[in-house]
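For reference, the structure is listed below as structure tokens.
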Amino acid sequence: MLNFSYYNPTRIIFGKGTLDKVGAEAAQYGKKVLFHYGSGSIKRNGVFDAVDASLKASGLTVVYLDGVVPNPRLSLVRKGIELCKKEKIDLILAVGGGSVIDSAKAIGLGAKLPSNEDIWNDYFMNYDGVARETIPVGVVLTIPAAGSESSTGSVITDEQTKLKRAMNSETIIPKFAFMDPETNYSLPAYQTACGASDILAHLQERYFTTVQDNDLSDRLLESCMRNIIANAPLALKNPNEYRYRAELMWTGTIAHNNLLDKGRIGDWASHNIEHELSGMYDIAHGAGLSIVFPAWMRYVYKTDIDRFVQYAIRVWDVSLPLNDKEGIIETAIERLEAFYRSLGLPVRLSDAGIGSDKIKEMAATAMVGEREALGNFQKLNAKDIENILRLAL
């Protein structure tokens, strides 16, 4: 186990009927709020009205910015930055899923940058690790998936270059997050499935490490993975059952608030490879991950066969003879693929209607931005990335 420092200031307000308290929490940060959201689903399910009423009941002035889409766009971030400066916004309230939260984080940081710095070029493409100030961000989470409600990360897509990039900083961790599982009842089945895939991927990225002697976090990660595997299909079959939605929602937060990667170094190659898929083809992030992860596993497992065997036995209950390690691992990967398929997700590029014509291009652009290699479990170059994507055909 490596030395570590852990910090997470997000206040989590979890459970039924909590949205009426949003205004009181937001009022602690000032008088003027930017209400940031997506395409309008929160208006159909009543979340918009509930949050808006709570904000106004607390005497807050509300400015609205909608239009966030999956794989949130740099152009809207830039619009939000200018709006925050013009309106002198005190707090950005992200109401939605990871795309809305990531957009809010980028806007909050960008609005506080000096004139000689640019949010995209200096932070998402060439981040130096120092983010000095941000407009505070609060969250009303309606889609369990990205874990952005209490994470250090933000992922944005430049629609002009089709590059999708992430940055991480403790400065942009949200101040609070309201999480009512009842707001998830109206989610389309595919969105629920993609969210479960994203949560599982966050756990697997942390699990596959070359750092030894992390039994506690191994066991916690395994437990969270098993929780997603058990509850995601139940949530799809019973979309209005609170207990299944609650399990997905809380596990999604735990999976990505950086608690479970302390003392270890996660991989993150699969996420970065997937960013090329969703940047190029604008597919859902969770769907891209269900394509990339099995291919990545087949490509790198020999780096530490015993870790993959442990994963197979503890997470997927594979019970083949221990002298058949490769058979154990392949069975686990097949069970992972079967799980994705049971949720209605693709496991091959062809399942998503993606061919081989852009593979070389995606492998090359994955290295753009002063990147020497992707991943930590096994360092990957452009040729490795190309090979993984071809395995995924």
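Within region 146-162, track down each residue that is of a type in the set (Ser, Thr, Tyr), under 13 Å from residue 282 (Cα atoms) and either open to solvent by less than 20 Å² (accessible area, probe 1.4 Å) or modelled with pLDDT of 95 or more (or both).
Listed by number, the list holds a single entry, 157.
Residue by residue through region 43-66, note down the ones that are buried (at least 18 other Cβ atoms within 10 Å of the Cβ) and either of a type in the set (D, E, K, R) or modelled with pLDDT under 95 (or both).
Hit for region 43-66 is 52, nothing else.
One residue is enough: does region 274-288 have a residue meeting the conditions more than 30 Å from residue 17 (Cα to Cα) and outside any helix (DSSP H, G or I)?
Yes, the conditions are met somewhere in region 274-288.
For the structure I just gave you, tell me whether residue 299 is in contact with an Asp or Glu (Cβ under 8 Å, 6 or more places away or on another chain), under 30 Å from residue 72 (Cβ atoms), at pLDDT 95 or above and hydroxyl-bearing (Ser, Thr, Tyr).
It is true that residue 299 is in contact with an Asp or Glu (Cβ under 8 Å, 6 or more places away or on another chain), under 30 Å from residue 72 (Cβ atoms), at pLDDT 95 or above and hydroxyl-bearing (Ser, Thr, Tyr).
Quick one: residue 112 ticks every box in (1) free of Cβ contacts under 8 Å to residues at least 60 places away in the same chain; (2) under 13 Å from residue 137 (Cβ atoms); (3) surrounded by 20 or more Cβ atoms within 10 Å (Cβ to Cβ) except a single one, so which number is it?
Exception for residue 112: condition (3).
Here's the yes/no breakdown for (1) assigned to a loop (DSSP other than H, G, I, E, B); (2) farther than 30 Å from residue 28 by Cβ:
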site	(1), (2)
161	yes, yes
177	no, no
203	no, yes
218	no, yes
223	no, yes
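Return the residues of region 21-36 that are open to solvent by less than 10 Å² (accessible area, probe 1.4 Å) and either hydroxyl-bearing (Ser, Thr, Tyr) or in a strand (DSSP E or B) (or both); say none if nothing qualifies.
Scanning region 21-36 gives 33, 34, 35, 36.
Return the residues of region 115-150 that are touching a residue at least 24 places away in the same chain (Cβ under 8 Å) and part of a helix (DSSP H, G or I); say none if nothing qualifies.
Hits for region 115-150 are 119, 120, 123, 124, 125, 148, 149, 150.
Kindly indicate which of 56, 105, 85, 79 is in contact with a Ser or Thr (Cβ under 7 Å, 6 or more places away or on another chain), among the basic types (Lys, Arg) and not in a loop (DSSP other than H, G, I, E, B).
105
Residue by residue through region 311-334, note down the ones that are surrounded by fewer than 16 Cβ atoms within 10 Å (Cβ to Cβ) and not in a loop (DSSP other than H, G, I, E, B).
326, 327, 334
Can you spot a residue in region 218-231 that is surrounded by 15 or more Cβ atoms within 10 Å (Cβ to Cβ), under 20 Å from residue 97 (Cα atoms) and not hydrophobic (A, V, I, L, M, F, W, C)?
yes
Could you list, in sequence order, the residues of region 264-310 that are open to solvent by less than 10 Å² (accessible area, probe 1.4 Å), within 19 Å of the chain's Cα centre (by Cα) and among the aliphatic types (A, V, I, L, M)?
269, 273, 277, 287, 289, 291, 292
Show the residue pairs that are 6+ apart or on different chains and have beta-carbon atoms under 9 Å apart, the first residue being within region 50-61 and closer than 11 Å to residue 32 by Cα and in contact (Cβ under 8 Å) with a residue 24 or more places away in the chain, the second being among the hydroxyl-bearing types (Ser, Thr, Tyr) and open to solvent by 20 Å² or more (accessible area, probe 1.4 Å).
So the pair list comes out as 55/61.
Note down all Cβ pairs under 7 Å where the first residue falls in region 271-293 and is touching a residue at least 12 places away in the same chain (Cβ under 8 Å) and among the hydroxyl-bearing types (Ser, Thr, Tyr), the second is open to solvent by less than 30 Å² (accessible area, probe 1.4 Å) and in a loop (DSSP other than H, G, I, E, B), and they're at least six residues apart or on different chains.
278/71; 281/354; 290/345; 290/346; 290/347
Are any residues in region 234-254 touching a helix residue (DSSP H, G or I) at 6+ places or on another chain (Cβ under 8 Å), surrounded by fewer than 17 Cβ atoms within 10 Å (Cβ to Cβ), under 24 Å from residue 337 (Cα atoms) and not aliphatic (A, V, I, L, M), and if so, which ones?
Selection gives 238, 239.
Taking the residues in region 355-372 that are under 19 Å from residue 297 (Cβ atoms) and more than 21 Å from the chain's Cα centre (by Cα) as candidates, determine which candidate is surrounded by the most Cβ atoms within 10 Å (Cβ to Cβ).
This residue is 363.
Return the only residue of 107, 173, 119 being out of contact with any helix residue (DSSP H, G or I) (no Cβ under 6 Å at 6 or more places or on another chain) and modelled with pLDDT of 95 or more.
The match here is 173.
The values are calculated or read from the model by the stated rules, or taken from the named source; none is laboratory data. Keep in mind the model is a prediction, meaning the values are calculated, not measured. So basically every Cβ, Gly included, is an ideal-geometry build from the backbone, and we count neighbours across all protein chains shown. Surface areas here come from the heavy atoms of the whole protein model, side chains and all, with no ligands, DNA or RNA. Shrake-Rupley method; radii C 1.70, N 1.55, O 1.52, S 1.80 Å.
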